[in-house]
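The values are calculated or read from the model by the stated rules, or taken from the named source; none is laboratory data. Treat the numbers as computed from the prediction; the structure is a model and nothing was measured. Ideal geometry is used to build each Cβ from the backbone, glycine not excepted, and the neighbour counts take in all protein chains shown. Ligands, DNA and RNA are excluded from the accessible area calculation, which covers all protein heavy atoms including side chains. Shrake-Rupley method; radii C 1.70, N 1.55, O 1.52, S 1.80 Å.
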Amino acid sequence: MTTTFLVVSSLVKVLAILLITVGGFAPVLIWAERRQSAMIQDRLGPSRAAIVLPASAVSFIDRARLPLWRLAALTGIVAIVALVTLTFVAVKGSNPLPISTSSLTASLIAFGVASVVLRAGYGVHTMIVRNGGKIMLIGLLHPVADALKFIFKEDFVPPKADKLLFSAGPIIALIPAIAAFAVIPFASSLHWDYLNQVLPRTGELAGPVVPLQVASINVGILFIFAIASTGIIGAAISGYASDNKYSLLGGIRAASQMVSYEVVLGLTLVPAFMVYASLRLEDMTMWQHDHVWGIFVPPLTLAAVTFFVAAVAETKRVPFDLPEGESELVGGYLTEYSGMKFGMFFMGEFVEVVSLAALASVIFLGGWDVPFLYRSGFEFSLPFVAASYSVPVVHWLVVVIQFVVFLLKIIVLIWFQLMIRWSLPRFRYDQLMSLCWKGLLPISLLNILVVGAFILSGWLDGWVAFFEKLF
Amino acid sequence: MAVEVKVIKKPGRTVAEQVYLPEIAKGLGFAMGRFFKNTFGPQAKKDIDTVKYPEEKVEYPERFRGIHRLTQRTDGSPRCVACLCCSTACPAQCIYIEPAEYEPDDPRYGYERYPSVFMIDELRCIFCGYCVEACPCDAIRMDTGMHMPPSTSREHFLYDKETLLSIPGRDGSYLTANPRHEPGDETHPGIDRERGH
Ligand code: SF4
Ligand code: SF4
């Protein structure tokens, strides 16, 4: 593998991750969070931000509707005719027509796609006209409006604040949240030379391999812990540098909360290391791919729950949003921040939500693993019967499916976090601390013992074997 | 006689409530139910109360006091006889009326007057409806079902006679429900200038 290939592929991966987290998930989350809370409370939520089109454009769009519909119908009819002819040819086994089968297939695909696109265009046009020339996109423009507002707002720095640390705070809070993605595997590795082939289910392959993960490092999960603890510094520093007592108190609260939960977070994952026998996230996913998802191994189920609670507390969001509190601390360490600096804290919080979801799905929900999907494609084998059924899938499609499923797992976990955020009442600070030190910590310590016994007694192997027999 | 004491037990918490987790699960479940119902449920089952205001509007209740209107007679002239009852009753003192006499050849001359200027400052009005109550001849009404259209200038809220006459009621009518029996009409009670009082 040449150096250029390595550099280019790494850059592409970094860019893709930035695009997915900062460019994709974070803005959509800003919208999704409000929208979801609205749906729980029988409201509509943010749905009104709009791009208003000038009247001339609207009348043009209105006039273009009918031709669009007609074209869609026409292309649709051609596609259906092509489909019918193709079926006819397939049934007959030979092609007596003057048109070749391949051009029939090509026209079926071309006209079918054109028809669908035109029909969708007609729908969009109708929607715009019905909304009186406003493009609303179910409220997805609200994050754009928010970003514009953040950028043009005054960037206020308190006169006696520590200017350097005040500006560094949001950066220190945002960067670690993104950096955590460096070690998360997004799909199984890509065999560059075999993109269009169906790979064998197992075995080594020659040629360049691109692991779909920015950095494959030995310490793996420890890197995430190290990076996540840097986030504490961001909160503490910005509280200290704001020259505001509320900010300072909020920063201290944030720091003590995060330090406490950091401990639990580490301990809840120890059982996972023990079972997977590795610190590398890609190895963990591989183990789950080969055997069974972590959440279905009994002691790890408990670990998953405790991990999730500790991680939600680590993101400092409701019900654990003690660093902020209008009645006690105003905005906590965010009090003095405005404009894009506040936006960066906000963004950091949402990226943390995403990275927590990604981490939880890699460690406990199998990461990119799709049930029954192997490197060679789908292979179903029925339990206790020797029957099996397989659908070969080309390599690039396998990787794409794994990636999409991984994103879906992330989305489900994010949805669950938002659900928690809007349903549960907030803790008191002492309750928060006693939950951590008197509740989660002993449980996770005990769980380590239980997992140790589980592995030493051989029950783990038995359980895994049982699962493998099942599927 | 001994005093009877009835001890009422303090409502405690059940074990499930004390354990906290089942209650949390219940709450989450409830919120999820609402979320799914309102997001993915069939349109008819959705429970969303939001009104997309400028596009959809909620009809005001029947007795809503909207902006005023002046009712008309069948010939289109204002029903108002410029008695000044309404401007007297108005607690906000926002009605300004200049009464005037009909022309001497008009059959109404000498019986009643008409407002040459009738002005309501809708910004100062508190929409109490006293003017409507006070009017002896159903000349002023607040049954338009409209709130004041917003504007950027205070002058736009001074509604003059022509404006007030041009606003229909919610049923679309401009006419008064208390028609004047004009002298010479069949329905006229009988006292007119010719026959003497
Ligand atoms: S509604 Fe009340 S305040 Fe308004 S004009 Fe009539 S009497 Fe005056
Ligand atoms: S509107 Fe009615 S109360 Fe007011 S001056 Fe005219 S007749 Fe009199």
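What to note about this one:
- Test for A:TRP31: is it within 14 Å of chain B (Cβ to nearest Cβ) and in contact (Cβ under 8 Å) with a residue 12 or more places away in the chain: yes
- Residue-level check: of (1) away from ligand 2 (no atom under 13 Å from the Cβ); (2) at pLDDT 90 or above; (3) more than 20 Å from B:ARG65 (Cβ to Cβ); (4) open to solvent by less than 70 Å² (accessible area, probe 1.4 Å), B:THR152 misses just (4).
- Condition broken by B:ARG124, with the remaining ones in (1) surrounded by 17 or more Cβ atoms within 10 Å (Cβ to Cβ); (2) within 11 Å of ligand 1 (Cβ to nearest atom); (3) among the basic types (Lys, Arg) satisfied: (1)
- Among residues of the stretch B:51-97, those that are free of Cβ contacts under 8 Å to residues at least 40 places away in the same chain and within 16 Å of ligand 1 (Cβ to nearest atom), counted: 10
- Qualifying residue in the stretch B:98-110 (condition: hydroxyl-bearing (Ser, Thr, Tyr), within 16 Å of ligand 2 (Cβ to nearest atom) and without any contact (Cβ under 8 Å) to a residue 24 or more places away in the chain): yes
- Among the residues listed as B:GLY145, B:GLY172, the single one being touching a residue at least 40 places away in the same chain (Cβ under 8 Å), open to solvent by less than 70 Å² (accessible area, probe 1.4 Å) and more than 12 Å from ligand 2 (Cβ to nearest atom): B:GLY145
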